[in-house]
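Here the structure comes first, spelled out in structure tokens, and everything after it is commentary.
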């Protein structure tokens with residue numbers, strides 16, 4: 001048994017959502033007469049929340065992201081994504097089994113994502129992930145989102161476990177900075193969408209597959 005709290009990013013950590021996000025943003029771009037983007041072009045835009053994602057996509061499409069245009073297209077993007085939130089979207093291998101193992105070891109499990117709650121909660125529900133998590137914080141749950149420490153601090157308080165027993169598992173710099181800003185350990189999911197070069201410091205742990213978490217954290221107190 002342990003007294004750990006593990007906080008998971010969603011996109012690129014628990015679930016491979018990149019194809020679905022690319023599909024939704026391309027519906028918006030092509031409706032505006034713009035060329036669609038490749039998955040590889042969209043990957044750097046993921047993990048920042050809907051507004052920043054639309055800004056990033058417009059820049060990659062060669063369009064100046066004027067605030068009024070971004071706001072307009074963000075609403076269209078959310079509408080398109082909500083219609084098919086699981087389009088070409090998959091769990092990473094061994095997610096259910098690994099979470100089951102961690103849960104059985106008394107690990108407090110939480111999700112901290114910048115994704116809009118209407119979409120994130122539906123994905124978690126449809127992929128049968130929701131029951132594993134004690135707390136789920138989405139991009140619009142609190143006044144701030146990652147990399148601000150507030151969402152992570154909220155989860156730490158809810159877990160009633162000390163920060164030294166907490167770790168955030170994610171794949172982008174926003175995850176790293178959220179962990180650092182909250183004063184907890186950061187585990188880098190190297191199989192996700194980010195790149196090691198984008199991080200500002202060396203992660204405390206690095207995993208090449210989700211299943212490695214069982215070895216890293218089962219029966220171990222941080």
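The values are calculated or read from the model by the stated rules, or taken from the named source; none is laboratory data. Just so you know, these numbers come straight off a predicted model, no measurement behind them. Backbone-built Cβ (ideal geometry, glycine too); neighbour counts: all protein chains shown.
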Take segment 42-93 and flag every residue that is free of Cβ contacts under 8 Å to residues at least 40 places away in the same chain, in contact with a helix residue (DSSP H, G or I) (Cβ under 8 Å, 6 or more places away or on another chain) and in a loop (DSSP other than H, G, I, E, B). 61, 63, 64, 65
Does residue 96 satisfy the criteria of being in a loop (DSSP other than H, G, I, E, B) and either more than 13 Å from the chain's Cα centre (by Cα) or exposed (fewer than 14 other Cβ atoms within 10 Å of the Cβ) (or both)? no
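Answer yes or no as to whether residue 147 is surrounded by 15 or more Cβ atoms within 10 Å (Cβ to Cβ) and in a loop (DSSP other than H, G, I, E, B). Can you show your working first?
Working: surrounded by 15 or more Cβ atoms within 10 Å (Cβ to Cβ): yes; in a loop (DSSP other than H, G, I, E, B): yes.
Criteria met by residue 147.
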Do you know which of the residues in segment 16-41 that are without any contact (Cβ under 8 Å) to a residue 60 or more places away in the chain and part of a loop (DSSP other than H, G, I, E, B) is surrounded by the most Cβ atoms within 10 Å (Cβ to Cβ)? 37
Within segment 178-201, can you find the residues that are at pLDDT 95 or above and not in a helix (DSSP H, G or I)? 183, 184, 185, 186, 187, 188, 189, 190, 191, 192, 193
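Hey, any hits in segment 65-88 for a residue that's within 30 Å of residue 3 (Cα to Cα), more than 18 Å from the chain's Cα centre (by Cα) and either modelled with pLDDT of 95 or more or surrounded by fewer than 16 Cβ atoms within 10 Å (Cβ to Cβ) (or both)? I'd like the intermediate steps shown before the answer.
Kept after step one, since they are within 30 Å of residue 3 (Cα to Cα), are these residues of segment 65-88: none.
Scanning segment 65-88 turns up no residue that is within 30 Å of residue 3 (Cα to Cα), more than 18 Å from the chain's Cα centre (by Cα) and either modelled with pLDDT of 95 or more or surrounded by fewer than 16 Cβ atoms within 10 Å (Cβ to Cβ) (or both).
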What number of residues within segment 150-177 are closer than 20 Å to residue 44 by Cα and in a helix (DSSP H, G or I)? 5
Exactly one of these conditions fails for residue 115: (1) more than 16 Å from the chain's Cα centre (by Cα); (2) not in a helix (DSSP H, G or I). Give me its number. (1)
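From 155, 184, which residue is outside the structural domain of residue 47 (by TED's automatic domain parsing), more than 16 Å from the chain's Cα centre (by Cα) and farther than 21 Å from residue 50 by Cα? Working first, answer last.
Working: 155 fails: more than 16 Å from the chain's Cα centre (by Cα).
Exactly one residue qualifies, and that residue is 184.
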Hey, does segment 46-60 have a residue that's touching a strand residue (DSSP E or B) at 6+ places or on another chain (Cβ under 8 Å), closer than 30 Å to residue 98 by Cα and surrounded by 17 or more Cβ atoms within 10 Å (Cβ to Cβ)? yes
Of (1) surrounded by fewer than 17 Cβ atoms within 10 Å (Cβ to Cβ); (2) touching a helix residue (DSSP H, G or I) at 6+ places or on another chain (Cβ under 9 Å); (3) touching a residue at least 60 places away in the same chain (Cβ under 8 Å), residue 140 fails just (3)
